[in-house]
Amino acid sequence: MNRAQRMSNRVSQMPKSAIHEMTRLSQQIEDVAFLSWAKPTSGAPMHIGKAAIEAINKGVVDGYSVSLGLVELRQEIVKKLKRDNNIDTNISQVIVSVGAIEGLAAAVMACIDPGDEVILPSPTYSTHVNQVVLASGKPVFVPTIEEQGFILDIEAIKKAVTAKTKAIMYCSPSNPTGAVFSEEQLRQIAEIALEHDLMVITDEAYEYFTYDGHRHFSIGSIPEMQKNVVSCFTFTKTYAMTGWRIGYLHAHEEVIPQINKAHIPFAICTPVISQYAALGALKGPQDCVKNFREKYLRARNLMCERLNKLSHIFEYQKPGGSYLMFPKIILKQGEDSKAFCEKLLREAKVSTTPGNDFGPTGQGHLRLSFCVSEDMINKAFDRMDEYFK
């Protein structure tokens, strides 16, 4: 057996993450204008760090918590789910996870058997695809309707359901497109799930960042869907806490023990210091979330203004949410996204993320992040203006 054969086909056949690969390549170039990573540059509010420091001083962060998470934190999460998501629940239906990502991974492992099919709207977040692959499931991509703002194609989703379909998995507001799936469409997804007894696994990381009258809707708030939904949320995006790696999920009390079986070997528990920081986030002032939203809205509008001046290079759908957008490359029809982004990095010192990492309909696009400073956005577009002359 050679070295390559000792590695699992599941992992060895997975492509490298384009997001992290662009970060690696960017580190080899000086003075890069960085638009490729969905990492807020503003930092977490001070009261969150203060809560963590207080927990350290009390000596309560050095041991494990229970695997589900601190009781007091889950109690605050229950209040938040009722207030902001219209989900009535209790602490037995909540798991605190290592970011939304680990909660999503645990949910997929708990729900998917080898060969099961999982429907994902395309473009979709690349990590969701890899989570299905790691569970030995089969991703089934259903294209969204780009010209209508990347909305769901409900009829196509209905046709994609087979005897092997086990779940539908989506992110709203979307990574990478910024599309906000409407309540009407998500209720139609619920009807499909109930008709075929499918699980719905949601990534609601950008729930607070919606614009232009779009409203976030949690499919887990539909009473009939209680046993068919795993809803995943995060502190990392809401409070700019990406480095703290903390999120949580909600599911029916019959489902939670099964997800916890996967959560324990993945994480044992979420870092306790991060749990106390998250507790401080929920119990502290919430005007920081509103301020983040207003900042991202200004940055989105600026990025749209700059893209309008490059209309011979890109066309785009204005994102209704998140802090990401997904322009189409029209300069050279059919050009590989990866090659385009790597060339843009080398020759213009602008880091973006190739769209082919986000499902089959992502090819020919690139993902741009506007959670950076307005100065960084202007710097990147000044360079692109010059480059594309």
May I ask you to list the residues in the range 217-266 that are surrounded by fewer than 24 Cβ atoms within 10 Å (Cβ to Cβ), within 14 Å of ALA105 (Cβ to Cβ) and in contact with a strand residue (DSSP E or B) (Cβ under 7 Å, 6 or more places away or on another chain)? ILE259, ASN260
Using the structure shown, decide if ALA107 is at negative phi, within 25 Å of the chain's Cα centre (by Cα), buried (at least 21 other Cβ atoms within 10 Å of the Cβ) and part of a loop (DSSP other than H, G, I, E, B). no
Of a type outside the set (S, T, N, Q), surrounded by fewer than 17 Cβ atoms within 10 Å (Cβ to Cβ) and in contact with a Gly (Cβ under 7 Å, 6 or more places away or on another chain) - does that describe any residue in the range 19-27? no
Being among the aliphatic types (A, V, I, L, M), surrounded by 20 or more Cβ atoms within 10 Å (Cβ to Cβ) and touching a residue at least 12 places away in the same chain (Cβ under 8 Å) narrows it down to one of VAL161, VAL133, VAL180, so name that one. VAL180
Of the residues in the range 267-288, those that are part of a helix (DSSP H, G or I) and surrounded by fewer than 16 Cβ atoms within 10 Å (Cβ to Cβ) come to LYS283, ASP287
Got at least one residue in the range 183-200 being in contact (Cβ under 8 Å) with a residue 12 or more places away in the chain, within 23 Å of THR352 (Cα to Cα) and outside the structural domain of SER322 (by TED's automatic domain parsing)? no
Check whether at least one residue in the range 89-97 is without any contact (Cβ under 8 Å) to a residue 40 or more places away in the chain and surrounded by 13 or more Cβ atoms within 10 Å (Cβ to Cβ), and report yes or no. yes
Which one is modelled with the highest pLDDT among residues in the range 25-55 that are touching a helix residue (DSSP H, G or I) at 6+ places or on another chain (Cβ under 7 Å) and of a type in the set (Val, Ile, Thr)? ILE48
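With the structure loaded, tell me whether THR177 is in a loop (DSSP other than H, G, I, E, B) and in the same structural domain as GLN258 (by TED's automatic domain parsing) or whether it fails that test. Don't jump to the end; show me each part of the working.
On the way: in a loop (DSSP other than H, G, I, E, B): yes; in the same structural domain as GLN258 (by TED's automatic domain parsing): yes.
So THR177 passes the test.
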For the range 223-255, how many residues are among the aliphatic types (A, V, I, L, M) and over 26 Å from VAL60 (Cα atoms)? 5
Could you grab me the full set of residues in the range 1-29 that are under 23 Å from MET303 (Cα atoms) and either part of a loop (DSSP other than H, G, I, E, B) or in contact (Cβ under 8 Å) with a residue 12 or more places away in the chain (or both)? ALA18, ILE19, MET22, THR23, SER26
Scanning the range 184-212 for residues that are aliphatic (A, V, I, L, M) and either in a loop (DSSP other than H, G, I, E, B) or in contact with an Asp or Glu (Cβ under 8 Å, 6 or more places away or on another chain) (or both) gives ALA190, LEU194, LEU198, ALA205
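Quick check on my filter: what residues within the range 344-389 are assigned to a loop (DSSP other than H, G, I, E, B) and surrounded by 21 or more Cβ atoms within 10 Å (Cβ to Cβ)?
Result: THR352, GLY359, PHE370, CYS371, VAL372.
The values are calculated or read from the model by the stated rules, or taken from the named source; none is laboratory data. Not measured: the values here are computed from a predicted model. Reconstructed Cβ throughout: ideal geometry from the backbone, glycine too, with neighbour counts over all protein chains shown.
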